[in-house]
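Novice: Sending over a structure as structure tokens; questions will come in a sec.
The values are calculated or read from the model by the stated rules, or taken from the named source; none is laboratory data. Because the structure is a prediction, the values reported are computed rather than measured. Every residue, glycine among them, receives a Cβ derived from its backbone with ideal geometry; neighbour counts consider all protein chains shown. Surface areas here come from the heavy atoms of the whole protein model, side chains and all, with no ligands, DNA or RNA. Shrake-Rupley method; radii C 1.70, N 1.55, O 1.52, S 1.80 Å.
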Amino acid sequence: MAKFFRNILSLIDFIKSAILLVVDYNKYRKGLTIAFSMNNPVYESFYEPIYSSLKNNKEYNYICFGKSLFGLKSFSKFFQFFFPFDLIILCADSDKFYVKKKNHVRVQIFHAIAQFGSSWGTSFLERFDTVFMTSQDMKQQLLNEKPYCDIVRQNSIRLYEIGYPKLDVFVKDNENVVKINNKSKPVIFYGPTWHIQFSSIFKWLDDVIQESKRLDAELLIKLHPFLLKKSDYASSGKINWKNEIAKRCRLAGIQYQLISNDIS
């Protein structure tokens, strides 16, 4: 029954998308449309710097696939196949629903400074025509490491170094940088990603704790939400990281703070 209602809602969303296309048909036909893939609202902060730099350019149309963002019109993510005009799709996740079309360009905008691994593998890479690289490690991997460099070459994937747009606001505008505290202590911020294959927490946690102790620093830790999946070996190694951090910091004789999480 639940599946039936989900299908009905998907159909309604699809019909709504068709109506939106008909209403603004001439606008989409005459200009390039830029679409933001919004399967999860946490990605807004990754799209915001890009949209801010584009929104005053009236040559483009702006829409969303999935949830609405920035007050833009939202289309069903399944509707991309039926969108007949020139389209650039910006994705901050690994959405599988987008299909290759001659006049559609799919761009991956990573929501983290990460590398490819078991969860960001070759099948993921093949879904995109363009990749915005966030780090030198990612660049090295895509240009020189097999099988990733082979996929890039075989599929003629365009690569661009863009850094990490989410942090642009802190680099460009010092007014947005606020003090964490008024103490004279240095602050160490540690925000490990998830997955047993490439999360640094499995190797670096003790080093981070010892360095905090050596510097007499205030230690702030922000865990990726998937590291909190203590029953999933691939995500967290089946480790209760909140308890593990508390135990290791207690043994080292240092204080720390866990801060709120998002997908970065």
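Novice: Restrict the check to the range 135-149 and report whether at least one residue is of a type in the set (Phe, Trp, Tyr), surrounded by 13 or more Cβ atoms within 10 Å (Cβ to Cβ) and either at pLDDT below 90 or part of a loop (DSSP other than H, G, I, E, B) (or both).
Specialist: Yes, some residue in the range 135-149 is of a type in the set (Phe, Trp, Tyr), surrounded by 13 or more Cβ atoms within 10 Å (Cβ to Cβ) and either at pLDDT below 90 or part of a loop (DSSP other than H, G, I, E, B) (or both).
Novice: When Phe81 is evaluated against the numbered criteria (1) open to solvent by 90 Å² or more (accessible area, probe 1.4 Å); (2) outside any loop (DSSP other than H, G, I, E, B); (3) at pLDDT below 85, which criterion, by number, is the only one it fails?
Specialist: Status for Phe81: all satisfied but (3).
Novice: Right, next: From Phe46, Phe70, Phe36, Phe75, which residue is aromatic (Phe, Trp, Tyr), more than 24 Å from Leu167 (Cα to Cα) and within 27 Å of the chain's Cα centre (by Cα)?
Specialist: Numbers: Phe46 fails: more than 24 Å from Leu167 (Cα to Cα); Phe70 fails: more than 24 Å from Leu167 (Cα to Cα); Phe36 fails: more than 24 Å from Leu167 (Cα to Cα).
Every option except Phe75 fails the conditions.
Novice: Also, I was wondering about something else. Taking the conditions exactly as written (outside any helix (DSSP H, G or I), under 19 Å from Arg127 (Cβ atoms) and open to solvent by less than 10 Å² (accessible area, probe 1.4 Å)), does Gln108 satisfy them or not? Give the derivation first.
Specialist: Working: outside any helix (DSSP H, G or I): yes; under 19 Å from Arg127 (Cβ atoms): yes; open to solvent by less than 10 Å² (accessible area, probe 1.4 Å): yes.
So Gln108 passes the test.
Novice: Another question, if that's okay. Tell me, which residue of the range 27-56 that is of a type in the set (Gly, Ala, Ser) and surrounded by 16 or more Cβ atoms within 10 Å (Cβ to Cβ) is farthest from His111 (Cα to Cα)?
Specialist: Step one: filter the range 27-56 for residues of a type in the set (Gly, Ala, Ser), giving 31, 35, 37, 45, 52-53.
Still in the running and surrounded by 16 or more Cβ atoms within 10 Å (Cβ to Cβ): 35, 37, 45.
Working: Ala35: 16, Ser37: 12, Ser45: 9 Å.
The extreme case among them is Ala35.
Novice: Identify, please: which residue in the range 213-246 is among the hydroxyl-bearing types (Ser, Thr, Tyr) and surrounded by 14 or more Cβ atoms within 10 Å (Cβ to Cβ) and is, among those, nearest to Val42 (Cα to Cα)?
Specialist: The first filter runs over the range 213-246 and keeps only residues among the hydroxyl-bearing types (Ser, Thr, Tyr), leaving 231, 233, 235-236.
Keeping just the survivors that are surrounded by 14 or more Cβ atoms within 10 Å (Cβ to Cβ) gives 235-236.
Working: Ser235: 19, Ser236: 21 Å.
The residue in question is Ser235.
Novice: Over 17 Å from Thr193 (Cβ atoms), modelled with pLDDT of 80 or more, open to solvent by less than 50 Å² (accessible area, probe 1.4 Å) and assigned to a strand (DSSP E or B), is that true of Val152? Full working, then the answer.
Specialist: Details: over 17 Å from Thr193 (Cβ atoms): yes; modelled with pLDDT of 80 or more: yes; open to solvent by less than 50 Å² (accessible area, probe 1.4 Å): yes; assigned to a strand (DSSP E or B): no.
In short, no.
Novice: While we're looking at this one, here's another question. With the range 184-264 as the region, which helices (runs of 4 or more DSSP H) entirely inside it contain at least 2 residues that are of a type in the set (S, T, N, Q)? Explain how you work it out, then say what you get.
Specialist: Details: elements: 201-215, 233-236, 241-252.
Once the helices (runs of 4 or more DSSP H) in the range 184-264 are filtered for at least 2 residues that are of a type in the set (S, T, N, Q), what remains is 201-215, 233-236.
Novice: Pairs under 7 Å by beta carbon, first residue more than 25 Å from Phe46 (Cβ to Cβ) in the range 136-165, partner modelled with pLDDT under 85, six or more apart or different chains?
Specialist: Close Cβ pairs (under 7 Å, with a partner that is modelled with pLDDT under 85) amount to Pro147/Thr122.
Novice: I'm checking my understanding of the structure. Among residues of the range 183-212 that are loosely packed, with under 14 Cβ neighbours inside 10 Å, modelled with pLDDT of 85 or more and over 19 Å from Ile259 (Cα atoms), which one is nearest to the chain's Cα centre (by Cα)?
Specialist: Lys203
Novice: Could you give me the residue pairs with C-beta distances under 9 Å whose first residue belongs to the range 57-72 and is open to solvent by 30 Å² or more (accessible area, probe 1.4 Å), whose second residue is polar (S, T, N, Q) wherever it lies, and which are 6+ apart or on separate chains?
Specialist: What qualifies is Tyr60/Thr33; Tyr62/Thr33; Lys67/Asn39; Lys67/Asn40; Lys67/Ser74; Ser68/Ser74.
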